[in-house]
1. Kindly indicate whether any position in the range 46-62 is among the polar types (S, T, N, Q), surrounded by 10 or more Cβ atoms within 10 Å (Cβ to Cβ) and more than 10 Å from ligand 1 (Cβ to nearest atom).
2. List pairs: first residue in the range 15-31 and outside any strand (DSSP E or B), second residue more than 12 Å from ligand 2 (Cβ to nearest atom) and of a type in the set (V, I, T) anywhere in the structure, Cβ distance under 9 angstrom, at least six positions apart or on different chains.
3. Among L29, L18, L46, which is modelled with pLDDT of 95 or more, within 10 Å of ligand 2 (Cβ to nearest atom) and out of contact with any strand residue (DSSP E or B) (no Cβ under 6 Å at 6 or more places or on another chain)?
Amino acid sequence: MSGISWTGSDGNMDADPLFKDAANGDYHLTADSPCVNMGINSAPDLPARDFEKDPRIMRGTVDIGADEFGKPVMTFIPLLLDDE
Ligand SMILES: [Ca+2]
Ligand SMILES: [Ca+2]
């Protein structure tokens, strides 16, 4: 593969992914990572969850890599109590 550059084609890039703390093994994406929302939602065999069981697609577009950045949005439904 020497001499072949994939950068810039088919979504490949050579930018620093800006992991949270790669030196200590924390490969979570950070908010400023160029991988956030840069994947392809129609990719074949895209799992429903990322490596830590977060939804694989958050904020509309899948992230590049094993991690989906952020936390799922929690929806709260008001509970009305009837005191009769
Ligand atoms: Ca995303
Ligand atoms: Ca995640």
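The values are calculated or read from the model by the stated rules, or taken from the named source; none is laboratory data. Remember, it's a predicted structure, so these values are computed and weren't measured experimentally. All Cβ positions, glycine included, derive from the backbone under ideal geometry; neighbour counts span all protein chains shown.
1. Checking the range 46-62: not a single residue is among the polar types (S, T, N, Q), surrounded by 10 or more Cβ atoms within 10 Å (Cβ to Cβ) and more than 10 Å from ligand 1 (Cβ to nearest atom).
2. P17/I64
3. Testing whether each residue is modelled with pLDDT of 95 or more, within 10 Å of ligand 2 (Cβ to nearest atom) and out of contact with any strand residue (DSSP E or B) (no Cβ under 6 Å at 6 or more places or on another chain) leaves just L29.
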